[in-house]
Amino acid sequence: MTSHAFDTSAAGRAAVCPFMPVFGPPQVMFVRGEGTELWDVDGKRYLDFLCGLAVTSLGHSNPAVTRAITEQAGRLLHVSNFFTNDAATAAAVALRDLLTEATGDVGQVFFCNSGAEANEAALKLARKFGGRGRHVVISAYGSFHGRTLAALAATGQPAKHEPFFPMPDGFRHVAYGDLAALEAAIDPSVSAVIIETVQGEGGVVPADPEYLRGIRRVCDERGMLLILDEVQTGFARTGRWFGFQHAGVRPDVVTMAKAMGNGFPVGAVWARTDVAAAFQPGDHGSTYSGTAIATAVVRTVIEEMRRLDAPALAETKGASLRAKLEAIPQVRSVRGQGLLLAAELGDGADAKAVYTELLARGLVTNAVTATALRLAPPITVSGAEIDEAVALIADVLAAGIGGPA
Ligand code: PLP
């Protein structure tokens, strides 16, 4: 136990921990970060190969992001949506241009505060687009779309629904990767499909490009919207600006969050202009939509990522990390795209034990399934940091920790 560990017994938690117990007991208290490095309250250094779950893609305390926050905070934080502000307008144009480059289409954006909120907006847009009686959205088993009620209903993980029954109506789940199952689930009540190009929380499982192209074709044939949830895959993580670019599909709606704020809470939904037109004033909103401080960050993240050519960096560094992980004898396979990877340790392995030992040795990762370790370092990670992380993983696995029983 480190000095900052909480007492996690029921009595101790009630007495000490100020957080609601929706998360497991916190294991480390971090106080500072720079680039790929983090330091805890005891001064211990860690390498962050998780990035707050694919969030701090430009590294901790990125100077351009810090400057944007401090400059904007000294000038204008927020005005209501009766007005706009220069930061929101510049960010909306930058984001719209990025999506036009990626899709070939012209669209419009709505800013919000998280991935779940981006999906909520997309789901409401699908209902408005479909019209009365055409409100059902199909999603995949294993998907993750957020924790608010409708985003949770879209999430294809029944165990997460169970404590909150009854769930909102209008969601249907099909096996990920099975186009025939998706087609069989369509009836006149279906307005849209929402899908991840790589299931992140579901285990870092990339969709087959043919499957994504098939969904696009089916959506076109049946007049349904294709909503791509790029909350985890977006903003260069997979080696392209957006995951759908690997498959060459053109979405109608894209949801984003995480890396677009590099740690500042912000999300967005983009829709082609003819689809966005289904929304009328009063249909949707948020006090903080387009708040100046968050959108100043969005614009800076886009500028910084363009300056660095972040997609190319994620692709080359991802290829290097993947090859080095594949060379570890205990790693059965590596899946994912760019710098969103999972090292599969094989049947009977205990990824949680590996994660725990790596954390103790100063490497932050995540056991994304019982047998796989998720790695999502910043796009700015150095070759030396990749080598250091891989050596730590190889050492832990060579010691037999978390190996098949
Ligand atoms: N969609 C995907 C694909 C995600 O990975 C996540 C979060 O992990 C979400 C939505 C929810 O985002 P947030 O936690 O910002 O609400």
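None of the figures in this text is laboratory data; all of them are computed from the coordinates on show. All of these numbers come straight from a predicted model, not from anything done at the bench. Please note: Cβ atoms are built from the backbone with ideal geometry, for glycine as well, and neighbour counts cover all protein chains shown.
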Does LEU99 qualify as being farther than 13 Å from ILE194 by Cα and in contact (Cβ under 8 Å) with a residue 12 or more places away in the chain? yes
Hey, can you tell me all the residues within region 220-235 that are outside any strand (DSSP E or B) and either within 16 Å of the ligand (Cβ to nearest atom) or surrounded by fewer than 22 Cβ atoms within 10 Å (Cβ to Cβ) (or both)? ASP220, GLU221, ARG222, GLY223, GLU230, VAL231, GLN232, THR233, GLY234, PHE235
Within region 119-156, track down each residue that is more than 9 Å from the ligand (Cβ to nearest atom), touching a Gly at 6+ places or on another chain (Cβ under 7 Å) and assigned to a loop (DSSP other than H, G, I, E, B). HIS135, GLY142
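Okay, residues lined up against (1) touching a Phe, Trp or Tyr at 6+ places or on another chain (Cβ under 6 Å); (2) among the basic types (Lys, Arg); (3) closer than 22 Å to TRP241 by Cα; (4) without any contact (Cβ under 8 Å) to a residue 60 or more places away in the chain:
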| site | (1), (2), (3), (4) |
| --- | --- |
| GLY318 | no, no, yes, no |
| LEU321 | no, no, yes, no |
| VAL334 | no, no, yes, yes |
| LEU339 | no, no, yes, no |
| ALA342 | no, no, yes, no |
| LEU345 | no, no, no, yes |
| ALA353 | no, no, no, yes |
| GLU357 | no, no, no, yes |
Residues (touching a Lys or Arg at 6+ places or on another chain (Cβ under 9 Å), part of a strand (DSSP E or B) and surrounded by 19 or more Cβ atoms within 10 Å (Cβ to Cβ)) located in region 77-118: GLY107, VAL109
Residue count for region 259-292, restricted to those that are in a strand (DSSP E or B) and touching a helix residue (DSSP H, G or I) at 6+ places or on another chain (Cβ under 7 Å): 5
For region 196-213, enumerate the residues that are of a type in the set (A, V, I, L, M, F, W, C) and more than 10 Å from the ligand (Cβ to nearest atom). VAL204, VAL205, ALA207, LEU212
